[in-house]
Amino acid sequence: MTKVFATMKFPEKGINMLQEEGFEVTVNEKDKPLTRDELIENVMSHNALFCTLSDKLDKYFLNRCSHLDIISQFAVGVDNIDLEEATRLGIPVGNTPDVLSDATADVAFGLMINVSRKMFYLHKSIGRGNWKHFKPDANLGIEIKNRTLGVFGLGRIGMEMARRCRGAYNMKIIYHNRSRNKMAENEFGANYVGFEELLGQSDVLSVHTNLSAETDGIFNKDAFSRMKPTAIFINTARGRIHNENDLIQALNNGIIWGAGLDVTNPEPMDPSNPLLSMENVAVLPHIGSATRETRNKMSELAAKNIIEYYRGNKIPNLVNTGVSIQD
Ligand code: GLV
């Protein structure tokens, strides 16, 4: 019998689909990610892996578990997996794109509004007894309407963020990508710009790219110094794309105005991190895709990748398309 190991308690939908297909599914019931050694120990006796972004599938893990037929990631980002090595070992890797674009863009959009009006900070300040009376010159935020949204990585999630900003606030959209996004250019007149221009012209700069050697730490001291002092930086992609110390300095020194983060480096964020007590900062615990609907769809997609593989069909969302699958 084909055995699937699920590294966490994923939404039941996908797990049920796998069981209905006749697979034996073992679910890690512990309320924390497994260590690499625990993961290896469990995966040894299984044929397929249902995993997520907190599972580190590095070269060592993959070589110890090279018997795996397929790895199915419950997430769109796969930076926790050494894809090159998986490909070399002939292990296909699937992921769950598209279904989480709306939910993640909602979080980026929500963070933008929250930061522009200091909402998280002011919410907490009421609890500290700081709401004494109405003050005409206090708690002032900044307005977003008709401003410029800069999207770093205008793919599926970036498109949804741009649509929201265009529709709700008539924002001008500029973007920087590896390649031009003609759909965005036609749909809302998005302008392709170089990285320098993106930094210099954005009132809100929202990150929607994947983590790679090119994007690792790209938002650093130098990048922040080229942004507007009134700019809001939003990251719902991966925490390593910005340098957290440089971001703290930029905010403390008024180099940029505010930041909204759904991703941090490391995750979880240390509760004493200074970002958590700044007025113009909102931080969330990586909840981009965390709606019931989206997480169910992700679970279904992740299961489908495994089911179709064993049915001998094309894997619906294969990431390492260059892999030559072993029989
Ligand atoms: C979440 O961060 C994902 O990559 O799906």
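Couple of notes before you dig in:
- Considering residues of the stretch 221-243 that are in contact with a Gly (Cβ under 7 Å, 6 or more places away or on another chain) and farther than 16 Å from residue 176 by Cβ only, the residue surrounded by the most Cβ atoms within 10 Å (Cβ to Cβ): 232
- Scanning the stretch 12-42 for residues that are exposed (fewer than 13 other Cβ atoms within 10 Å of the Cβ) and over 16 Å from residue 301 (Cα atoms) yields 22, 29, 30, 31, 32, 35, 37, 41.
- Residue match in the stretch 162-173 (condition: polar (S, T, N, Q), at pLDDT 95 or above and away from the ligand (no atom under 16 Å from the Cβ)): yes
- Residues (basic (Lys, Arg) and either assigned by TED's automatic domain parsing to the domain that holds residue 261 or on the phi > 0 side of the Ramachandran plot (or both)) located in the stretch 84-140: 117, 118, 124, 128, 132, 135
- All positions within the stretch 239-265 that are without any contact (Cβ under 8 Å) to a residue 12 or more places away in the chain and either within 22 Å of the chain's Cα centre (by Cα) or under 19 Å from residue 161 (Cβ atoms) (or both): 245
- Sole exception among (1) farther than 29 Å from residue 138 by Cβ; (2) buried (at least 16 other Cβ atoms within 10 Å of the Cβ); (3) within 16 Å of the ligand (Cβ to nearest atom) for residue 218, by number: (3)
- Hey, residue 81 outside the structural domain of residue 266 (by TED's automatic domain parsing) and within 18 Å of the chain's Cα centre (by Cα) or not: yes
- Failed criterion for residue 265 (all others in (1) open to solvent by 60 Å² or more (accessible area, probe 1.4 Å); (2) under 26 Å from residue 139 (Cα atoms); (3) polar (S, T, N, Q); (4) within 15 Å of the ligand (Cβ to nearest atom) hold): (2)
- Filter pass, residue 301 being outside the structural domain of residue 50 (by TED's automatic domain parsing) and among the aliphatic types (A, V, I, L, M): no
- Residue within the stretch 272-287 that is surrounded by 20 or more Cβ atoms within 10 Å (Cβ to Cβ), more than 22 Å from the chain's Cα centre (by Cα) and away from the ligand (no atom under 16 Å from the Cβ) present: no
- The criterion of being open to solvent by 20 Å² or more (accessible area, probe 1.4 Å), out of contact with any strand residue (DSSP E or B) (no Cβ under 6 Å at 6 or more places or on another chain) and not aromatic (Phe, Trp, Tyr) holds for residue 106.
- Considering only residues in the stretch 79-94 that are crowded, with 21+ Cβ neighbours inside 10 Å and either farther than 18 Å from residue 2 by Cβ or of a type in the set (Asp, Glu) (or both), the one that is nearest to the ligand (Cβ to nearest atom) turns out to be 81.
The values are calculated or read from the model by the stated rules, or taken from the named source; none is laboratory data. In this text, all values refer to a predicted model and were calculated from it rather than measured experimentally. Don't worry about glycine lacking a Cβ; one is built from the backbone with ideal geometry, like all the others, and counts go over all protein chains shown. These accessible areas exclude ligands, DNA and RNA; they are computed on the full protein's heavy atoms, side chains included. Shrake-Rupley method; radii C 1.70, N 1.55, O 1.52, S 1.80 Å.
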